[in-house]
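Remarks on the structure that follows.
The values are calculated or read from the model by the stated rules, or taken from the named source; none is laboratory data. Note that the structure is predicted; figures quoted are calculated from it, not measured. Every residue, glycine as well, gets a Cβ built from its backbone with ideal geometry; the counts of neighbours run over all protein chains shown. For the accessible areas, the whole protein counts, side chains as well, though only heavy atoms, and no ligand, DNA or RNA atoms are used. Shrake-Rupley method; radii C 1.70, N 1.55, O 1.52, S 1.80 Å.
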Amino acid sequence: LSLCFPQKLWKMLESGQFQSIWWSEGGKCVAINKDLFTEEVLGRGVCQRVFNTRDIKSVIRQLNLYGFTKMQQNFQRSASLPEFLSEEAAISAHSQILYYYNPRFNRAHPWLLGMCKRR
C-alpha cells in the first residue's frame, strides 16, 4: 500500500529521522531547509527514497497541488547600519528555510490528514 504525498510528509515529520524538515508554528506549519532536504531526503538511494524525485521543485509542486501555501517570514529591521548588516546575514541564512501551511495539515489534528486532497 503506497502512501499519498501528505501521508508521506506526515510520516517524515513524526519520525524524527530527518533534520531537514520539522513542524513549526506550534505544529501548524511545515518547515523545510532546502539544501539539507535536497541532500538528506532527495539524495537517498532508490531503495531508501521517500519521494519519486530528486528535485526540490517537484516536492514544492506537490505541496502546492495538495493545498499548501508558502508562508513569508516577517523580520523587523534595525535603523543602525551595523545591526542592519548583521540582521541581513541572519535573514540570508534563514532564507534557506521554506515554510508551508495547510489548514488540514496540523500536528494537533491528525484526523484532518484524510481531508488533504489533490487539487
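Extension gain, Thr53 to Glu83: 0.36 nm times the residue separation minus the Cα-Cα distance gives 6.7 nm. With each label modelled as a point 7 angstrom along the Cα→C-beta vector, the Ala108-Met71 pair spans 1.3 nm.
Assign one of three labels to the range 1-51, namely rounded, prolate or oblate, based on the Cα gyration tensor with a ≥ b ≥ c the square roots of its eigenvalues; rounded applies when a/c is under 1.5, prolate when it is not and a/b is larger than b/c, and oblate otherwise. Don't skip to the answer; put the middle values down first.
Values: a/c = 2.28, a/b = 1.24, b/c = 1.84.
In terms of gyration-tensor shape, oblate.
Counting only protein chain heavy atoms and rolling a 1.4 Å probe, the accessible areas of Trp111, Trp22, Trp10 rank, largest first, as Trp111, Trp22, Trp10. With a 1.4 Å probe rolled over the protein heavy atoms of all chains, the accessible area of Met71, Met115, Met12 falls in the order Met115, Met71, Met12, largest first.
Grab the other residues whose beta carbon is less than 15 angstrom from that of Leu3, score K and R as +1, D and E as -1, and report the net.
On the way: positive: Lys8, Lys11, Arg49, Lys117, Arg118; negative: Glu14.
Once positives and negatives cancel, what remains is +4.
Calculate, for Trp22 and Lys117, the FRET efficiency according to 1/(1 + (r/R0)^6) with r their C-beta to C-beta distance and R0 25 Å; round to the nearest 0.05. Mind showing how you got there, number by number?
Numbers: r = 24 Å, r/R0 = 0.97.
According to the calculation, E is roughly 0.55.
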